[in-house]
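The values are calculated or read from the model by the stated rules, or taken from the named source; none is laboratory data. Nothing here was measured: the structure is a model prediction, and the numbers come from that model. In this analysis, Cβ positions are derived from the backbone assuming ideal geometry, glycine residues included, and neighbour counts consider all displayed protein chains.
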Amino acid sequence: MSLLFVATGLVGGMSTVFTTVWSYFSRAPYFGAPRFLESRAWRLVYAAGLVIGAAAWLATLGVPEVTRVPMWQLAVGGFIAGFGARLSNGCTAGHGICGMASLQPPSMLAVAIFLATAMLTARAVRAFA
Amino acid sequence: MKPAAAAWVLASGALFGFGLALSTMVRPEVVLDFLLWHDMGLLLVLGGGVAVTFVAYRLAPRLMARPWLGGEFRRHPSEMGARTLGGAAIFGVGWGLSGVCPGPAIAGLGTGNWPLAIALAGLVLGAYVQGRFFGGDSP
């Protein structure tokens with residue numbers, strides 16, 4: 001994110017790409033907002049970079065692994081996280097790194113809140129599952 | 001986007017993806033262990049990421065008139081309000097349930113941890129429902 005900013009001036013959160021990909025397929029007005037249309041190309045390239053970097057790790061230092069977290073937790077948790085991150089306009093990357101690194105109070109509060117609800121949820125799942 | 005900028009964005013993303021994999025943040029088991037306070041190692045990952053990015057965000061605009069490859073230094077202000085804070089609470093529930101957040105879900109496509117694609121599909125679908133039905137007046 002530092003390198004991205006120093007060279008291009010872009011603020012590299014991650015979750016916005018999930019909204020901007022829909023701007024290619026959906027005519028719903030929200031997805032057509034200027035800030036999504038103007039950033040959708042570099043966000044896709046950035047996401048492709050993540051996949052390449054992770055694949056480079058697998059090819060060099062990495063050990064292949066298949067998670068044992070139950071599929072329903074991945075599916076339902078993913079859906080809830082996607083909805084929440086976009087409503088909040090930020091995730092662990094956007095609020096957690098970019099927002100905190102620029103000392104923005106709303107992001108700091110958002111991080112405190114999502115860490116708390118995530119810890120509570122993980123504990124509840126462990127207790128009941 | 002100019003080719004040089006696109007190449008740089010790709011390389012920055014690749015470094016981020018490599019880092020997420022190397023730091024084990026791409027493993028839902030490790031994230032859930034962190035959230036259960038069994039292994040606090042990810043605190044160092046988050047802290048390190050924030051520290052380095054803090055320095056870059058502070059210094060770059062002071063030392064340089066504009067970014068290396070042109071354009072301008074952007075700011076992405078977050079807004080104090082019910083959407084930001086309520087959304088964060090909802091995001092945390094999903095993160096605590098799955099152990100997966102957006103960066104690792106995307107990077108997971110490269111590590112061969114195929115069930116993460118299920119979480120990725122959930123994230124993309126959740127973003128659709130938010131934008132389609134809960135977009136509000138001003139995105």
* To do: Within region B:80-120, track down each residue that is over 20 Å from A:G96 (Cβ atoms) and at the interface with another protein chain (Cβ under 7 Å from one of its Cβ atoms).
  => B:L109, B:G110, B:T111, B:G112, B:N113, B:W114, B:P115, B:I118
* Hey, among the residues in region A:113-129 that are part of a helix (DSSP H, G or I) and exposed (fewer than 14 other Cβ atoms within 10 Å of the Cβ), which one's nearest to the other protein chains (Cβ to nearest Cβ)? -> A:R126
* Hey, does region A:5-26 have a residue that's surrounded by 20 or more Cβ atoms within 10 Å (Cβ to Cβ), among the hydroxyl-bearing types (S, T, Y), within 7 Å of chain B (Cβ to nearest Cβ) and closer than 18 Å to B:I106 by Cβ? -> yes
* For A:A56, all conditions in the list (1) surrounded by fewer than 24 Cβ atoms within 10 Å (Cβ to Cβ); (2) in contact (Cβ under 8 Å) with a residue 12 or more places away in the chain hold save one; what is the number of the exception? -> (2)
* To do: Please indicate, with yes or no, whether at least one residue in region A:39-62 is modelled with pLDDT under 95, in contact with a Lys or Arg (Cβ under 8 Å, 6 or more places away or on another chain) and closer than 20 Å to B:V26 by Cβ.
  => no
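Let's see how each residue does on (1) buried (at least 18 other Cβ atoms within 10 Å of the Cβ); (2) of a type in the set (G, A, S):
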residue	(1), (2)
B:D33	yes, no
B:L36	no, no
B:G48	no, yes
B:T53	yes, no
